[in-house]
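Q: The structure under discussion is supplied below as structure tokens; questions concerning it will follow.
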Amino acid sequence: MLVYGFINSLILALMALGFSITFGISGVANFAHGAFYVLGGILTWLFLMKFGVPYILSAIIAVAVVGIIGALMYRFLLVRLRGLVLSEVITTFAIGIVILELLRVFGVMGFQYRLPSFIPGSAEIFGTYVGIQRIIIVAAGALLMLTMHFFVHHTKMGLSFRGVAQDDHTALSVGINPERISIFSLTLGSMLCAFAAILILPLGTISVDEGYDVLLKSLAVCIIGGLESTLGVFIASFIIGYVEVLTAMYISSSLTMVAVLACMLTILLIKPSGLFGKYKEIEERI
Amino acid sequence: MIEKRRKERIDRGIKACTDDIFCLSSLREISYLLVPRILPVVLVFFLVLVVSLYWKKVLVITFVMTIMAISWDFLASCGLISLGHALFFAMGAYSAGAMNHYLGLPVYVTLPAATLLGGVISSMLVFPALRLRGIYFSVVTLIIPLMLMRVIEATKIIGGTEGISALSPLPGLASSIAISMTAMWVVLFSLRRFITSDYGLIFVALLDNDRAVEASGLNIVWFKIQAIFIGSSICAFCGAFMTHYYMSVGMSAFALDLSIFPVAATVVGGMGTLAGPLLGALILGPLSEALRGFGTFRIVFYAALLVVFIVGLPEGLFHYVRRKYEQIERWVEVK
């Protein structure tokens with residue numbers, strides 16, 4: 001139980017990380033997140049199964065393509081709408097729907113849309129049998145978190161990301177181009193999202209509804225954790241992950257969504273800015 | 001040297017006369033004010049009379065959707081941008097269905113009762129999110145209906161996945177048309193009057209600067225609750241009406257298209273005027289019906305249209321038309 005909760009939490013964190021990074025830096029709430037997730041999975045599948053490209057290469061291509069789509073979306077659509085929060089939300093949401101429903105039109109459904117595990121088999125941890133894929137997820141998740149932390153705190157680019165996140169006018173005055181950083185943040189967010197998809201999707205099948213599911217879950221995680229805090233995302237995904245596993249074990253597996261919803265509403269009532277959302281508290285929330 | 005020109009916009013004389021002086025001296029000035037208000041009412045009325053039975057049914061749905069769109073715009077002009085309007089709709093639909101099915105109440109009781117009950121339940125559900133602003137609020141409202149859908153699916157309460165069917169119908173198509181059309185105009189004109197009243201100004205101020213409202217000693221959460229209650233009651237009425245119109249209620253009441261349609265209509269029509277969404281919805285409603293043959297492609301079309309409009313014509317059709325009606329445009333040289 002403990003082990004599964006841990007893995008579940010890390011999966012959630014991986015899903016939500018891309019969304020949180022994009023929002024935290026550029027302030028664009030990328031509602032096309034779920035669509036990018038499914039798109040990442042589908043592209044990998046397409047390259048792997050149809051064109052016979054090796055697994056790693058097709059994964060890299062998929063991540064790159066999704067990243068480019070994110071960047072294009074920012075460059076050609078969102079850049080005209082900067083500052084109009086509503087328009088940004090509607091646009092990204094609409095793009096997400098276009099991608100997802102187009103995939104549905106092309107008939108992405110059923111069991112053949114399934115990524116193979118990296119390494120089949122399972123291992124025993126603390127008396128529980130766990131698939132190797134899950135272990136890879138945990139390892140990759142932890143690695144990713146560390147890399148992101150290093151990137152954001154110790155590279156020039158990462159530091160300028162943080163600068164823009166804190167105040168883009170000041171960032172502009174010390175020679176950081178917020179526009180460029182915003183594009184990068186959207187690219188990075190989309191790439192992380194596709195990366196998460198490739199890691200997680202071998203556990204199940206790829207389906208269009210998964211896209212909406214992922215969007216819901218990442219939003220829930222980000223709201224509980226505080227929308228712009230990476231640490232918050234981490235903690236919140238552990239809360240939700242364990243809540244889900246506990247409900248599934250002790251009450252009923254169909255009630256997990258209820259538990260998550262209740263959890264989210266309670267936290268909103270107690271602390272509207274989420275657990276760790278401090279940044280724009282006064283500006284954005286009352 | 002390239003001659004630089006810019007577009008100059010000047011209010012028409014007649015607008016200045018009729019706008020704030022309020023001393024209408026000629027038939028021309030009276031008609032300048034009244035025609036844009038009465039003409040659509042008359043046009044829609046005759047449209048309903050002439051079209052075939054099939055399109056009459058489409059128009060009923062369009063009217064209901066128009067009411068949803070107006071309510072969305074009302075909430076948006078209070079700074080509460082909801083991406084989950086289906087929630088309000090579903091609350092009305094399910095309350096009407098449950099009252100009719102379990103308590104056996106007749107239509108003329110369930111319709112008003114569900115309007116109120118739906119408004120109350122929705123306000124309670126959205127209440128935790130009311131302390132959030134802007135995008136944070138939108139995010140939460142997007143989640144709530146989708147999650148509630150899962151809840152109903154999982155717990156099998158109020159009909160579960162199959163919903164409740166065999167409810168009492170509305171008395172005839174003619175009265176359905178009459179009810180929905182009247183409701184549409186009543187909602188439009190009363191909300192328009194409401195937001196220009198002294199009390200309504202507070203609601204609009206919530207969007208413009210809610211801290212100023214708070215600084216004036218007004219409790220903004222309380223006003224937001226009122227706004228949500230008004231908006232969601234209107235939608236709950238739509239839900240209740242559609243429940244009786246279809247004689248059944250199901251999980252489709254939470255569907256995403258119900259949340260997207262009001263947004264699309266408002267974006268196409270123009271925000272913040274309440275008449276814009278009406279225009280947008282009256283265009284999009286029949287259009288989406290005509291596209292029904294394409295199946296799920298319809299929603300792709302919607303979403304794509306949304307992107308095109310928001311990038312290409314961000315002000316919306318209504319603002320565009322109104323500018324032409326009220327102002328003279330001409331090119332002048334930049335000196």
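Bear in mind that the values in this text are calculations on the coordinates, not laboratory data. This structure is a prediction, so every number in the text was calculated from the model and none was measured. As a convention, Cβ positions derive from the backbone with ideal geometry for all residues, glycine included, and neighbour counts pool all protein chains shown.
Q: By the gyration tensor of its Cα atoms, with a ≥ b ≥ c the square roots of the eigenvalues, what is the shape of the stretch A:2-206: rounded for a/c under 1.5, prolate for a/b over b/c, or oblate? If you can, show how the numbers build up before the last one.
A: Details: a/c = 2.19, a/b = 1.41, b/c = 1.55.
Judged from the Cα gyration tensor, the stretch A:2-206 comes out oblate (a/c at least 1.5, b/c at or above a/b).
Q: Would you pull out the residues with amide H under 5 Å of B:Gln327's amide H, same chain only if 5 or more places away, H placed 1.01 Å from N?
A: Residues meeting the criterion, in which the H sits 1.01 Å from N, are B:Arg12.
Q: Can I ask one more? Quick check: residue separation of B:Tyr108 and B:Glu329 times 0.36 nm, minus the Cα distance between them. What number comes out in nm? Spell out each step's value before the answer.
A: Values: separation 221, 0.36 × 221 = 79.56 nm, distance 5.12 nm.
The B:Tyr108-B:Glu329 span can extend by a further 74.4 nm.
Q: If I take every Cα pair under 8 Å that is 6 or more residues apart in chain B, average their sequence separation and divide by the length, what percent do I get for the relative contact order? Present the calculation step by step, with values, prior to reporting the outcome.
A: Numbers: 484 pairs, mean separation 110.5, N = 335.
Value for chain B: 33 percent.
Q: Just want the ordering: A:Asp213, B:Asp73, from fewest to most Cβ atoms lying within 10 Å of their own Cβ. Each step should come with its number before you reach the end.
A: Values: A:Asp213 18, B:Asp73 29.
In increasing order of surrounding Cβ atoms, one gets A:Asp213, B:Asp73.
Q: From Cα pairs below 8 angstrom and at least 6 apart in sequence, can you work out the relative contact order of the stretch B:246-330, rounded to a whole percent?
A: Numbers: 71 pairs, mean separation 27.8, N = 85.
Reported as a whole number, the value is 33 percent.
Q: Which is farthest toward the positive dipole end of chain B among B:Leu87, B:Ile220, B:Leu274, measuring Cα position about the Cα centre, with Cβ charges +1 (Lys, Arg) and -1 (Asp, Glu)?
A: B:Leu274
Q: Now, a different point. Report the net charge of residues surrounding A:Ile181, where surrounding means a beta-carbon distance below 14 angstrom and charges are Lys +1, Arg +1, Asp -1, Glu -1. Provide the component values of the computation, followed by the final result.
A: Numbers: positive: A:Arg75, A:Arg82, A:Lys156, A:Arg162, A:Arg180; negative: A:Asp167, A:Asp168, A:Glu179.
Cβ neighbours under 14 Å give a net charge of +2.
Q: For B:Gly272, what charge total do you get from the other residues with a beta carbon under 13 Å from its beta carbon, if Lys and Arg give +1 and Asp and Glu give -1? If you can, show how the numbers build up before the last one.
A: On the way: positive: B:Arg192, B:Arg322; negative: B:Asp73, B:Asp208, B:Glu315.
Combined, the nearby Lys, Arg, Asp and Glu give -1.
Q: When only C-alpha pairs under 8 Å and at least 6 residues apart count, what is the relative contact order of the stretch A:137-235, in percent? Don't skip to the end; give the middle numbers.
A: Values: 39 pairs, mean separation 12.4, N = 99.
Reported as a whole number, the value is 13 percent.
Q: Same structure, new question: Mind checking the angle between helix B:297-312 and chain B's longest principal axis? C-alpha axes, 0 to 90 degrees, to the nearest 10.
A: 30
Q: Ranked highest first by the average count of other Cβ atoms within 10 Å around their residues, in what order do A:205-211, B:314-320 fall? Display every interim value, and only then the final one.
A: Values: A:205-211: 20.9, B:314-320: 17.4.
Ranked from most to least packed, the peptides come out as A:205-211, B:314-320.
Q: Residue by residue, what Karplus-based ³J(HN,Hα) values in Hz, rounded to whole numbers, does the stretch A:168-181 have, using 6.51, -1.76 and 1.60 with θ = phi - 60° and x for Gly and Pro?
A: Couplings: 6, 5, 5, 4, 4, 6, 9, x, 9, 8, x, 4, 4, 5 Hz.
Q: Let me ask you something else. In 20 Å bins starting at 0, how do the alpha-carbon pair distances of the protein assembly as shown split up by percent?
A: With 20 Å bins starting at 0, P(r) equals 18, 51, 27, 4, 0.
Q: Can you compute the helix-only [θ] at 222 nm over chain B? Use -39500 (n - 2.57) per DSSP H run of at least 4 residues, normalise by all residues, nearest 500 deg cm²/dmol. List each step's numbers first, then the result.
A: On the way: 14 runs with 237 residues, N = 335.
Result for chain B: -23500 deg cm²/dmol, rounded to the nearest 500.
Q: Classify the stretch B:73-164 from the C-alpha gyration tensor, please: rounded if a/c falls under 1.5, else prolate or oblate depending on whether a/b exceeds b/c. Intermediate results must be reported in sequence, preceding the final value.
A: Working: a/c = 2.93, a/b = 1.55, b/c = 1.89.
Oblate shape, in that a/c is at least 1.5 and b/c is the bigger or equal ratio.
Q: While we're looking at this one, here's another question. Calculate the mean, over all residues of peptide A:91-99, of how many other protein chain Cβ atoms lie within 10 angstrom of the residue's Cβ. Working shown, then result.
A: Values: counts 6, 1, 10, 15, 4, 1, 10, 8, 2.
Per-residue shielding by partner chains comes out at 6.
Q: Also, quick follow-up: Would chain B count as rounded, prolate or oblate if I go by the C-alpha gyration tensor, calling it rounded below 1.5 in a/c and otherwise prolate when a/b exceeds b/c, oblate otherwise? Write out the running numbers ahead of the final one.
A: On the way: a/c = 1.73, a/b = 1.48, b/c = 1.16.
In terms of gyration-tensor shape, prolate.
Q: To the nearest 10 degrees, how steep is helix B:220-246 against the longest Cα principal axis of chain B, on a 0 to 90 scale?
A: Computed tilt is about 60 degrees.
Q: Note down the magnitude of the dipole of chain B about its Cα centre, charges +1 on Lys and Arg C-beta and -1 on Asp and Glu C-beta and zero elsewhere, to the nearest 20 debye. It would help to have the intermediate numbers written out before the result.
A: On the way: 26 positive and 19 negative charges, 106 e Å.
For this selection, approximately 520 debye.
Q: For the stretch B:144-240, with only Lys/Arg (+1) and Asp/Glu (-1) charged at the beta-carbon, what is the dipole magnitude about the Cα centre, in debye rounded to 20? Kindly include the intermediate steps, with their values, before the conclusion.
A: Numbers: 6 positive and 6 negative charges, 20 e Å.
Here the size comes out at about 100 debye.
Q: If you don't mind, another one. Charges on Cβ only, +1 for Lys and Arg, -1 for Asp and Glu, centred on the Cα centroid of the stretch B:51-251; of B:Cys238, B:Ile121, B:Val51, which one is farthest towards the dipole's positive end?
A: B:Val51
Q: Let me ask another. Using only Cα atoms and rounding to the nearest 10 degrees, what angle (0 to 90) does helix B:85-102 make with the longest principal axis of chain B?
A: Value to nearest ten degrees: 40.
Q: Tally Lys/Arg at +1 and Asp/Glu at -1 over every other residue whose Cβ is under 11 Å from the Cβ of B:Tyr302; what's the total? Mind dumping the intermediate values first?
A: Details: positive: B:Arg298; negative: A:Glu101, B:Asp257.
Result for the neighbourhood of B:Tyr302: -1.
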